[in-house]
Amino acid sequence: MQVDPFVIIPTVWQTQNFGNVIRAMDFVRLYANTLGMVGLRILFAIVTATLSGYAFARLESKGKNLMFAIVLLQR
């Protein structure tokens, strides 16, 4: 078999491999896992941002501005 490295677009399109992958993979479960992970990440981000925002607004401590700047740089 010889492959021309300068040919980018194939002359014959073969799509049966896409069908094999779709049948072999459980995309509904994969999407549900992804949505669950994204949902938990958003929930944890909201909780930690709320708690840290309250702490920075109400509490006075030495180095508060430096810690606030570090938090802002992380986001």
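FYI, it's all coordinate maths here, none of it is from the lab. None of these values were measured; they are calculated from a predicted model. Methodologically, a virtual Cβ is constructed for each residue, glycine included, from the backbone with ideal geometry; neighbour enumeration extends over all protein chains shown.
Between Thr11 and Thr48, the modelled labels are 5.6 nm apart [label points 7 Å from Cα along Cα→Cβ]. Computed with the Debye formula from one identical point scatterer per Cα of the range 16-74, without solvent, the log10 of I(q)/I(0) at q = 0.17, 0.21, 0.23 Å⁻¹ comes to -0.70, -0.86, -0.93. Since only Thr34, Phe6, Leu51 are under comparison, the one whose Cα sits farthest along the positive direction of the charge dipole of the chain, derived from C-beta charges on Lys, Arg, Asp and Glu, is Leu51. Assuming charge only on the beta carbon of Lys and Arg (+1) and of Asp and Glu (-1), the dipole of the range 19-75 about its Cα centre is about 80 debye to the nearest 20.
Comparing mean-square fluctuations of Val12, Val21, Val47 from a GNM of the chain with C-alpha springs under 10 Å, the top value falls on Val12.
Among the helices of the chain, those built from whole DSSP H runs whose Cα atoms reach 27 Å or more along their own axis and whose mean Kyte-Doolittle hydropathy is at least 0.5 are 27-58.
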